[in-house]
Amino acid sequence: TTSYDAHFEVWRGDVDGGGLEDFTVQVNEGEVVLDIIHRLQATQAPDLAVRWNCKAGKCGSCSAEINGRPRLLCMTRMSVFARDETVTVTPLRAFPVVRDLVTDVGFNYQKAREVPAFVPPPDLGPGEYRMQQEDVGRSQEFRKCIECFLCQDTCHVVRDHEENKTAFAGPRFLMRVAELDMHPLDAASQQGLDRRTTAQDTHGLGYCNITKCCTEVCPEHIRITDNALIPLKERAADRKYDPLVWLGNKIRRR
Ligand code: SF4
Ligand code: F3S
Ligand code: FES
């Protein structure tokens, strides 16, 4: 038979606390975890709170943890679990819970606002921007980000250390800084904004010890650590410790 009954544990509660609730629920061939959550809403738990929009892995809304691992509910097939396995669904651990599986991800929007936007080159008009295809290609990968914040949730720097949140922007936004720093037309430094210095001083790049957990959970398979964070660390270190770069900056600022 293609249908079976699965055992689910779903976290129910709010800011005041909560716990896991047991469910036995039907699973049909080809379904994903979000289908099962919807079936629970339709049959056994009409007030179960879950955030979702696209059911296609593109909106980044349905982030939660399945068996303790950050995942998209709509992209996790039931076929990856054994039929007799208990599937545990809990809200993202690094962010405050609103209700049931819905968390307040406002931390991420705050961090987004702390990264200054692209600064257009002052001497070029619209239509005059030119970039090498290689440079376009490099940042293309980063723009695949769907802002699911699974990487933000999994990074141990904040996952287990609430106190680090003020000083650390997290992988998604350090990647944004890296993207802008690699942008050949970004003129931020001409306005006194050195993205490499702020990566360290404002966005907490030094907290990242390249464990790569962020890269492992990214549903867009962006190589966050290898292609954004490590290159940004190398560039930031050059700026700070390379005496010639340092001298060059001193002279240019006069
Ligand atoms: Fe999600 Fe990947 Fe973007 Fe992080 S980098 S928010 S894991 S899509
Ligand atoms: Fe965190 Fe990713 Fe760095 S998980 S420590 S941001 S490599
Ligand atoms: Fe949009 Fe899952 S519902 S990514």
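The values are calculated or read from the model by the stated rules, or taken from the named source; none is laboratory data. Predicted model, so just to flag it, every value in this text is computed and none were measured. Please note: Cβ atoms are built from the backbone with ideal geometry, for glycine as well, and neighbour counts cover all protein chains shown. What goes into the accessible areas is simple: the full protein's heavy atoms, side chains included, and nothing from ligands, DNA or RNA. Shrake-Rupley method; radii C 1.70, N 1.55, O 1.52, S 1.80 Å.
Observations
- Normalised by 2.2 N^0.38 Å, where N is the number of residues, the C-alpha radius of gyration of the stretch 97-220 stands at 1.16.
- Cα Rg over Rh - the chain, Kirkwood: 1.07
- Label point distance in nm, Ala49-Asp5, each placed 7 Å from Cα along Cα→Cβ: 3.0
- Accessible area of Ile210 in the full protein assembly, 1.4 Å probe (Å², nearest 10): 80
- Those residues of the stretch 95-117 whose amide nitrogen sits under 16 Å from the label point placed on Cys59, 7 Å along Cα→Cβ: 101-103, 105
- Volume per residue of the convex hull around the Cα atoms, evaluated for the stretch 29-155, comes out as 163 Å³.
- The stretch between Tyr109 and Glu128, if pulled fully straight at 0.36 nm per residue, gains 3.7 nm over its current Cα-Cα span.
- When peptides 79-87, 95-103 are ranked by their average number of other Cβ atoms within 10 Å per residue, the highest-first order is 95-103, 79-87.
- The Cα atoms of the stretch 84-154 cover 60, 30, 16 Å along the three principal axes, with the biggest extent listed first.
- Protection proxy ranking, highest mean first, for peptides 108-118, 60-70: 60-70, 108-118, where packing is the per-residue count of other beta-carbon atoms within 10 Å, averaged.
- Taking each of Lys55/Lys111; Lys58/Lys212; Lys111/Lys165 in turn, the alpha-carbon distance tops 18 angstrom for Lys55/Lys111; Lys58/Lys212.
- Theoretical FRET efficiency, 1/(1+(r/R0)^6), r = Cβ-Cβ of Asp160 and Gln26, R0 35 Å, to 0.05: 0.45
- Full extension of the chain segment joining Thr202 with Arg83 gains 38.1 nm, where the gain is 0.36 nm per residue of separation less the Cα-Cα distance.
- Rg to Rh, two decimals, where the stretch 152-223 supplies the alpha carbon set and Rh follows Kirkwood: 1.00
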